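> Structure below; questions to follow.
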Amino acid sequence: MITINIGDIGDKILAVKFFDLPLSQILEYLRLAIIVFDFFLIIATIYLFFKALELRPKFKVNPDAQPVLTIRRELLLEKWNEIQSKFAEGRPDSLKIAVIQGDALVDSILRGAGLEGEHMADRLDNIEPGEFQSFEDVWRSHKIRNQVVHEENYQLTSALAEKALKGYENFLKELKILT
């Protein structure tokens, strides 16, 4: 038998004989103890959350800062310069190659960003139009590329090739790959 001494009242001693209580009352005491324990756990969780916020690193974004040059960025710049050289040749086949390579460059960036899809159009469909400003430019450029690739007798003009490459260039500038 367990006896819990609750306290003295005058010359009377109040004691609770724990096992003499009905099961419903034991469960009620247990429920109250769990409620009190939960309350302390909630308070401790909130306290630790705010302490963790104080310890986390502070990141400051400077929109005017130049991005750090990385090997990936240097490779992208090198590929872009090759595309520009192809365009500068001015021959119809060079213009087509420049547009196709520009599309492939942007597509590789989208794949690297984790966008899913079998084709570039699928990846572009996974982007909300407002997510980046050059979205419409990239779509227009991609449509031009599709005409070059899928229409056998398509005549790509220098102006249209320039428009397509300008769309890709706007995208690369927005990502700060090009300055």
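> Report, by residue number, each residue of the range 102-128 that is within 15 Å of Arg72 (Cβ to Cβ) and basic (Lys, Arg).
Arg111
> Mind checking which helices (runs of 4 or more DSSP H) fall wholly inside the range 73-157 and carry at least 3 residues that are out of contact with any helix residue (DSSP H, G or I) (no Cβ under 7 Å at 6 or more places or on another chain)? So that I can check it myself, show each step before the final result.
Details: elements: 92-112, 120-125, 135-150.
Once the helices (runs of 4 or more DSSP H) in the range 73-157 are filtered for at least 3 residues that are out of contact with any helix residue (DSSP H, G or I) (no Cβ under 7 Å at 6 or more places or on another chain), what remains is 92-112, 135-150.
> Now for a separate question. Leu165 versus (1) more than 21 Å from the chain's Cα centre (by Cα); (2) exposed (fewer than 15 other Cβ atoms within 10 Å of the Cβ): which is the lone unmet condition?
Checking Leu165 against (1) more than 21 Å from the chain's Cα centre (by Cα); (2) exposed (fewer than 15 other Cβ atoms within 10 Å of the Cβ), the one that fails is (2).
> Hey, can you tell me all the residues within the range 139-162 that are of a type in the set (A, V, I, L, M, F, W, C), more than 20 Å from Ser108 (Cβ to Cβ) and surrounded by fewer than 15 Cβ atoms within 10 Å (Cβ to Cβ)?
Scanning the range 139-162 gives a single hit, Ala159.
Yes or no, residue by residue, for (1) of a type in the set (Asp, Glu); (2) in contact with a Ser or Thr (Cβ under 7 Å, 6 or more places away or on another chain); (3) modelled with pLDDT of 85 or more; (4) loosely packed, with under 10 Cβ neighbours inside 10 Å:
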{"position": "Asp8", "(1), (2), (3), (4)": "yes, no, no, yes"}
{"position": "Lys12", "(1), (2), (3), (4)": "no, no, no, yes"}
{"position": "Trp80", "(1), (2), (3), (4)": "no, no, yes, no"}
{"position": "Pro92", "(1), (2), (3), (4)": "no, no, yes, no"}
{"position": "Ile100", "(1), (2), (3), (4)": "no, no, yes, no"}
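> Which pairs do you get when a residue that is part of a helix (DSSP H, G or I), found in the range 31-56, comes within reach of a residue that is charged (D, E, K, R) and modelled with pLDDT under 95, reach meaning Cβ atoms under 8 angstrom, with the pair 6+ apart or on two chains?
If the second residue must be charged (D, E, K, R) and modelled with pLDDT under 95, no pairs are left.
> Please name all residue pairs, on different chains or six or more residues apart, with Cβ atoms under 8 Å, provided the first residue is in the range 99-120 and is at positive phi and the second residue is outside any helix (DSSP H, G or I).
If the second residue must be outside any helix (DSSP H, G or I), the pairs left are Gly117/Asn126.
The values are calculated or read from the model by the stated rules, or taken from the named source; none is laboratory data. Everything numeric here is computed off the predicted structure, so don't read it as measured data. Reconstructed Cβ throughout: ideal geometry from the backbone, glycine too, with neighbour counts over all protein chains shown.
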